[in-house]
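What follows is a short report on a single structure.
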Amino acid sequence: MWPVPLVDPAPLVLNGRRFDASRPAVMGIINLTPDSFFAGARFSDLGEALAALDRLVAEGADIVDVGGVRAGQVGPWVEVDEEIGRVLPFLTAARERHPQLCLSLDTWRAPVARACQVVGIDVVNDTWAGADPSLVEVAADIGAGYVVSHTGGLPPRTDPVAISYGADPDDVVRDVLAGLRRGAERAVAAGIPPERIMVDPTLDFGKTTRHSLRLLRATAQLTSLGFPVLQALSRKDFVGETLDLPVDDRLEGTLAATAVAAWLGATVFRAHDVRATRRVADMVASIRGDRPPVHAVRGEPPLG
């Protein structure tokens, strides 16, 4: 019996580094907000946030995604100037502290990305699918990579209610593929090289738990778009609802989802738990045959 054919994902190139099937990228998370859903990644104090950054790098983060606004509706509205005031001092210090680290800005607002140009950010993570249509142009202008997301047409900070993509379970996959294709084509047209464009099905955003599970199973189809796939799975509600677990108990479910996505060809994993995610991604890469073991001496003839 022949093995199931494996997807060969498109590579991601950022800040002179290449990430592919043999070296998946782990994107750590720093939320400079008082109200992000997972307490372990939210910081209001710059010193504490920088100490957390050091830990993420030590644990194997290749990219660190920095956000200044909670994704959901809970919590106060944050104006543009306040968002800039939260993220820019941290990004400036992070660049000085870790010059080779790939820094990602999680925002849907073009003025925020423009204000962070001085730092030399490597990625603009547009988590609200072009809600500000000029954001992709700013990303191109400042030389950053770009994350294309899918939110089902919902505006920023909107939690999904009565979401439907049609009666066929595959309708959500078709909608996401079409939306990500359009977003990626727009990013290319804006001048961003394809190897710096990631596509993210954006599980939970504009989706039910059943939608998110179906899209996770469709990871190999997402790679057919020809861009590196980012899967942001970490401790999300689809994991919690599937296993009936609160946020703090969702690590194992997240890692199971990570292993499936890695096997199916995802290249980038946005994660709160960097060390565990790094190990899972590397192990799956080795099982796939893309990454050699660090040591392979068991049962081998003795040297000499």
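The values are calculated or read from the model by the stated rules, or taken from the named source; none is laboratory data. Everything quoted here is computed from the prediction, not taken from an experiment. When we count neighbours, we look across all protein chains shown, and the Cβ atoms used for this are built from the backbone with ideal geometry, even at glycine.
Mind checking which residues of region 172-189 are surrounded by fewer than 19 Cβ atoms within 10 Å (Cβ to Cβ) and over 20 Å from Leu213 (Cα atoms)? Arg181, Arg182, Glu185, Arg186, Val188, Ala189 - these are the residues of region 172-189 that are surrounded by fewer than 19 Cβ atoms within 10 Å (Cβ to Cβ) and over 20 Å from Leu213 (Cα atoms). Select from region 112-134 the residues that are in contact with a Lys or Arg (Cβ under 7 Å, 6 or more places away or on another chain) and either modelled with pLDDT under 95 or of a type outside the set (Val, Ile, Thr) (or both) and list them in ascending order. Correct list: Gly120, Asp132. Only one of the listed residues (Asp204, Asp249) is surrounded by fewer than 19 Cβ atoms within 10 Å (Cβ to Cβ) and over 19 Å from Val284 (Cβ atoms). That residue is Asp249. Screening region 16-37 for residues that are closer than 17 Å to Leu230 by Cα and out of contact with any helix residue (DSSP H, G or I) (no Cβ under 7 Å at 6 or more places or on another chain) and picking the one that is surrounded by the most Cβ atoms within 10 Å (Cβ to Cβ) gives Met27.
Please work out if Arg235 is under 23 Å from Arg55 (Cβ atoms), of a type in the set (D, E, K, R), at pLDDT 95 or above and crowded, with 19+ Cβ neighbours inside 10 Å. Let's see the steps before the verdict.
Working: under 23 Å from Arg55 (Cβ atoms): yes; of a type in the set (D, E, K, R): yes; at pLDDT 95 or above: yes; crowded, with 19+ Cβ neighbours inside 10 Å: yes.
It is true that Arg235 is under 23 Å from Arg55 (Cβ atoms), of a type in the set (D, E, K, R), at pLDDT 95 or above and crowded, with 19+ Cβ neighbours inside 10 Å.
In region 93-161, counting only strands (runs of 3 or more DSSP E) that sit wholly within it, the ones holding 1 or more residues that are of a type in the set (Ser, Thr, Tyr) span 102-106, 145-148.
If we keep just the residues of region 265-289 that are in contact with a strand residue (DSSP E or B) (Cβ under 8 Å, 6 or more places away or on another chain) and outside any helix (DSSP H, G or I), which is farthest from Leu222 (Cα to Cα)? Filtering region 265-289 for residues that are in contact with a strand residue (DSSP E or B) (Cβ under 8 Å, 6 or more places away or on another chain) and outside any helix (DSSP H, G or I), the one farthest from Leu222 (Cα to Cα) comes out as His272.
When region 210-247 is filtered for residues that are more than 29 Å from Ile197 (Cα to Cα) and touching a residue at least 40 places away in the same chain (Cβ under 8 Å), only Val247 remains. The set of residues in region 162-197 being in a helix (DSSP H, G or I), small (Gly, Ala, Ser) and touching a helix residue (DSSP H, G or I) at 6+ places or on another chain (Cβ under 7 Å) consists of Ala187, Ala190. Pro24 meets the conditions (1) over 28 Å from Glu195 (Cα atoms); (2) at pLDDT 95 or above in every case but one. The failed one is (1). Which ones in region 119-162 are at positive phi and without any contact (Cβ under 8 Å) to a residue 60 or more places away in the chain? Result: Gly120, Gly130, Gly143, Gly152, Gly153, Ala162.
Residues of region 55-80 being surrounded by fewer than 20 Cβ atoms within 10 Å (Cβ to Cβ) and closer than 18 Å to Arg279 by Cα, which ones?
Within region 55-80, Arg55, Val57, Ala58, Glu59, Gly60 meet the criteria.
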